[in-house]
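Below you'll find the structure, written out as structure tokens, and then a few comments.
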Amino acid sequence: MSKHKRRLILAGLAITSIGLSITEPDLIFPTSQEAPARQAAQEANPAPWWKHAVIYEIYPRSFQDTNGDGIGDLQGISERLGYLQDLGVNAIWLSPIYPSPQVDFGYDISKYEAIDPMYGTMADFDNLLAEAQKHDIRVLMDMVLNHTSDQHPWFIESRSSRDNPKRDWYIWRDGKGPGISPNNWQSLFGHSAWQYDPSTQQWYYHKFYPQQPDLNWRNPEVRKAMYDVCRFWLDKGVGGFRLDAIETLFEDTRLRDEKILPGRNAYGDPNEDESRTVDLPEIHEVMRELRQVADSYPGDRVLVGETYTRTTHDLLSMYGLDGPELQLPMDTQVGFIDNKLDAGAFRQRISAAENDLDGHVPLFLFDNHDNPRSWDRYGDGMHNEAIAKILATVLLTTRSAALMYYGEEIGMVTTPPKTRAEVQDPIGKIGWPKEKGRDGERTPMQWDGSKDAGFSTTDHTWLPVAPNYPTINVQVESRNPGSLLTWYKALIALRRSHPALHLGSNIMVNATDPNMLSYLRKNPGNGPSVLVAMNFTAHLRIVSYDLKAQGIEGATGKALAQNGGVAKAVELSHVALPPFAVLVAEVQ
Ligand code: BGC
């Protein structure tokens, strides 16, 4: 893909104490037995659930297959809810499960109010929703608003004639001359963003594949139709949406060319600055309208945004400067910008989220279905597991909502196709060999050491299972107190139970140290605060903390979780952190 930051668009633990367990607030539709306990919890802690949420992205094709066709399904997700509850997640986001020709594996939708038979039926979906509620897990749908499939009835009508009532639902324009597209805009998936339609002799615009024509969001009928789609799912009781490609809804009406930047992308096209097709101001009005739709339902329905913003100010604008927009736009500055384990850069970006977002909760993430896995992007080849634990610590102990991707918790690796013939994701075919596509981060979930890693029973899973599955899998890691999975579980439990991690502010300490990332989660009440210290280097570091300036008198730290050989009790004036070690300690 053209730019990594928009690749998709493109690019031994010891737990000594987990503290008191508190009830997480509210289901959407509480049962009568659970309601009083939940109400009490809500009164004690009125913050909406998403402010502290751990959201877990499921790529349904790759999570759990129950019918032996090599592709995951809804029944499979239902069967794994116990695992997810045990892990401690509050919500799952399902990548698209709607009927689709699957050109972009579901991001090309041909019907919005139905389930693709490949994944099951609407009854399976209703069952998943009901079961998820029993497990205290909300279900978020992936909502693709920017485009439909070219097989959607709206587009079939739209392309049928120039005067069809749905013609204006998409972006149709005349070319500049025979065989010459309307302007220089490029698809994020390579080459021109315009496709010629010989029957009506006009071009249509597609930011992604030609099979994904962009909707015309300036047409009020389009808006109404898409808001009705959102209501359909909200009526069913989903917890909200992850808004796909929300930054690309509008394009310059004058069709001015994009500015050309130096260099070429992986497809061999000249780089463009995208200012005519991404982040146009009109997107904010739509996000405000979407928020009104979501807020018209009870139960704190949430809007998560796929926002690859370039600056903290751009990110701030996604929360809404003229009225509420998204509760949780993705903050990709921490997890995706340069993939370097650089303590200074992490500190600066976490601080920006803490100080420059007007008190909004950031949504941090390190992994998703569009980018190589963080295990490989941040790992140095020798200390990958320790580094993965550092990333998990940043994700789960800062004052942020956390977005995880299936398999991240067991350290799944990126397994790209070896030959062009093996590639499933079309961008890997278009861009081969520079761009190998996104198959590598979408391989089947590794549940155990049995055939197909417990994902399926067929000889042909849709993507091959990564070869390391006999040792890297949920079953093996669940039994190992030092595993990455145990670390994730412990930290998720801690962030739910420890008031300082749940509610405390986030203050950087020893903030000039280029080798360490250290911060204090300051207890908002009288209880103990939590110090988080991470060694970002391969060398032993001795650090001294003086927290008096933060109003903290305590001089000792008692480990709540530690990795890499740190002592369980430390004097804050002399903390020894071995290479890539992590200490999460209560200050006493
Ligand atoms: C999704 C991608 C998809 C693209 C087009 C992105 O935001 O995350 O997987 O290919 O939108 O829908």
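What do you get for trypsin sites (Lys or Arg not before Pro) in segment 225-301 restricted to DSSP loop and a cutoff of at most 14 other Cβ within 10 Å of the site's Cβ? Show your work: numbers first, answer last.
Working: sites: Arg231, Lys236, Arg242, Arg254, Arg256, Lys259, Arg264, Arg276, Arg288, Arg291, Arg301; in loops: Arg254, Arg256, Lys259, Arg276, Arg301.
Qualifying residues, ordered by number: Arg254, Arg256, Lys259.
Straight-line cross-link reach from Lys436 at under 28 Å between alpha-carbon atoms covers these lysines, not counting any fewer than eight positions away in the same chain: Lys3, Lys5, Lys207, Lys259, Lys340, Lys389, Lys418, Lys451.
Taking segment 390-435, which trypsin sites (Lys or Arg not before Pro) meet the DSSP loop condition and have no more than 16 other C-beta atoms within 10 Å? Don't skip to the answer; put the middle values down first.
Working: sites: Arg399, Lys418, Arg420, Lys429, Lys434; in loops: Arg399, Lys418, Lys434.
For trypsin sites (Lys or Arg not before Pro) across segment 390-435 that sit outside H, G, I, E and B with at most 16 neighbouring Cβ atoms in 10 Å, the list reads Lys418, Lys434.
In segment 153-205, Cα pairs under 8 Å separated by at least six residues give a relative contact order of 31 percent. Relative contact order, percent, of segment 168-266 when contacts are C-alpha pairs under 8 Å separated by at least 6 residues? Contact order relative to length: 25 percent. Between Tyr170 and Asn216, the built amide H atoms are under 5 Å apart, and every one of these is 5 or more places off in sequence or on another chain.
Over the chain, what is the percentage of antiparallel beta bridges among all DSSP beta bridges, to the nearest 5? Antiparallel: roughly 60 percent of the beta bridges in the chain.
The fewest-to-most ranking of Asp376, Asp342, Asp370 by surrounding Cβ atoms within 10 Å reads Asp342, Asp376, Asp370. For Glu57, the residues whose amide H sits under 5 Å from its own are Trp93, Met404, Tyr405, Tyr406, ignoring neighbours fewer than 5 places away on the same chain, with H placed 1.01 Å from N.
From most to least packed by mean Cβ count within 10 Å, the peptides 244-250, 210-216 give 244-250, 210-216. With each label modelled as a point 7 angstrom along the Cα→C-beta vector, the Ser450-Thr537 pair spans 4.8 nm.
Hey, can you rank 130-142, 489-501 by average C-beta count inside 10 Å, highest first? Provide the component values of the computation, followed by the final result.
Numbers: 130-142: 20.3, 489-501: 22.5.
Ranking, from highest mean packing down: 489-501, 130-142.
With contributions of -39500 (n - 2.57) from each DSSP H run of at least four residues, the per-residue ellipticity at 222 nm computed over the chain stands at -7000 deg cm²/dmol.
Readers should treat all values here as calculations from the given coordinates under stated rules, not as data from a laboratory. On a predicted model such as this, the values are computed, not experimentally measured, just so you know. Glycine also receives a Cβ, built like all others from the backbone with ideal geometry; neighbour counts cover every protein chain displayed.
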